[in-house]
Each structure stands twice: as structure tokens, then as C-alpha cells.
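Colleague: Pasting in a structure now, in C-alpha cells, and then I'll have a few things to ask.
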Amino acid sequence: MSSAGAGRVEQDVDHDYVQLHEPPSNLICSARGCGAAAQWALRWNNPRLHTPERRKTWLACDEHRSSLSEHLSVRGFLRETEPVSALATDRAGA
Ligand SMILES: [Zn+2]
């Protein structure tokens, strides 16, 4: 059992932990099984998959903000955390 487990974390971060990572059109928390309205936008980047300026966005309700942030930050992926209100303003220019 000692050789299992390494090398699949980077792929799993997208698919295992959140139910979706689409553009934030519906502003629902990204945590799997959670349908709460998102309060926070976690902007992240996986340097092994993405160019440095690329940002993926996970949305989080108050309850899941810390667990989702920690999931990203322990991997070194988390870049910024913003209120969803800031995100909505952003979208006009995106
Ligand atoms: Zn949630």
C-alpha cells in the first residue's frame, strides 16, 4: 500500500471536491452537496495546469469558505478570496 496515493491530487482537486467549476453564473456554493447561496469567490490557479495569470473560481457560502480555502491553500493554489459582490462587478469587464 505504500506506493499508492501520490500524483493524483492535482486532477482530483477539480473533480472530487466540488460539484462544478463553471463560470459563476448562478452564484451557488461550489462545495459538493451544498446548494447555499455563495458569499465568497475563491480565485485559484494550479501552476502545473494553468498559466500564471489564469484564475479558476470556486464559490463558497460562509459555511464552506474555510474548508474550500484550506483545500486550495494547502496545495498552494489559492490566490485571492473576494466577496461575490466584487465578482459580479468584475463580470462586466470580463
Ligand atoms: Zn456551501
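Please treat every number below as a calculation from the coordinates, not as lab data. No experiment lies behind these values; they were computed from the predicted model shown. All Cβ positions, even for glycine, are placed from backbone atoms using ideal geometry, and neighbour counts span all protein chains on display.
Colleague: Cut-off is 10 Å between beta-carbons; in what order do His64, His50 appear when sorted fewest neighbours first?
Modeller: His50, His64
Colleague: Still on this structure, I have one more. Among Leu49, Leu87, rank each residue by its count of other Cβ atoms within 10 Å, from fewest to most, as a rough exposure measure.
Modeller: Ordered by Cβ neighbours within 10 Å, fewest first: Leu49, Leu87.
Colleague: Another question, then. Within a 10 angstrom radius of the beta carbon, how do Trp58, Trp40 rank from fewest other beta carbons to most?
Modeller: Trp40, Trp58
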